[in-house]
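Only one structure is covered here, and it is reproduced in the block below.
We did not get these values from a lab; they are worked out from the coordinates using the rules stated. From a predicted model like this one, the values you see are computed outputs, not experimental measurements. A quick note on method: Cβ atoms are made from the backbone with ideal geometry, for glycine too, and the neighbour counts reach across all protein chains shown.
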Amino acid sequence: MSIINEAKKGNIQAFVGLIEQNKIQMYKTAKAILQNEEDVCDAIQEALICAYKNINTLKHEKYFKTWLIRITINKSYDIIEKNSINNKKIEKEVTYYNRENSDYESHIDIERALNLVENDLKTVIILYYYDDISIKDIAKILNIPTGTVKSKLSRAREKLYEILKQEEVNKNE
């Protein structure tokens, strides 16, 4: 009997084992969306509760990881909505950091730009680049065709390029 079937039958140890296998992926996904450590912990906790309560709704065992990551994404965006986090607050927090290191500054610029991209495009970028998930698996997680994932990635890259290009122009003025 599989560990997922055991978890579906209420075996807490089996469920904990499944989470152990996927905890890093959950963390990276929530962290890329939320950035604030407390919010990340809240999103993961909410995702775990939801997954535990709803594991019986999982139809295909092979999609457990994508199902769990989708729940994590949803809970992360719920946290954003609940806390009404906006771009001004994120930019304000970024200014507290020491920006002398140019690599760090570049990283912050990318994060700031990413926060200006629409959520559906941001999600695809996070899953593809931060979590190193394949286009095929992203399509499964988001329940969209692979062609749509590719077009969203392309649009997201273009938007990020334009935002970063505009920031560079603004810095040089």
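The fewest-to-most ranking of Leu18, Leu58 by surrounding Cβ atoms within 10 Å reads Leu58, Leu18. When Ser134, Ser76 are arranged by Cβ crowding within 10 Å, least crowded first, meaning fewest neighbours, the order is Ser134, Ser76. Taking θ as phi - 60° and the Karplus parameters 6.51, -1.76 and 1.60, the scalar couplings of region 159-169 work out to 5, 4, 4, 5, 5, 5, 5, 5, 4, 5, 4 Hz in sequence order, x denoting glycine and proline. 3J(HN,Hα) along region 62-71, derived from phi through the Karplus expression 6.51 cos²θ - 1.76 cosθ + 1.60 where θ = phi - 60°, amounts to 5, 9, 4, 4, 5, 4, 5, 5, 4, 4 Hz, with x in place of Gly and Pro. Available extension along the chain between Tyr130 and Ile144 is 3.1 nm, counting 0.36 nm per residue and deducting the alpha carbon span.
A simple spin-label model places pseudo-atoms 7 Å from Cα toward Cβ; at Glu6 and Glu38 they are separated by 3.7 nm.
Cross-link partners of Lys82 among lysines, defined as those whose alpha carbon lies under 27 angstrom from its own and excluding same-chain residues fewer than eight positions apart: Lys23, Lys28, Lys31, Lys53, Lys65, Lys92, Lys122, Lys140, Lys152, Lys159. Near Ile133, the amide H atoms lying under 5 Å from its own belong to Tyr128; only residues 5 or more places off or on other chains count, and H is placed 1.01 Å from N. Can you give the FRET efficiency to the nearest 0.05 for Arg155 and Gln13, using r as the Cβ-Cβ distance and R₀ = 25 Å? Computed FRET efficiency for Arg155 and Gln13: 0.05.
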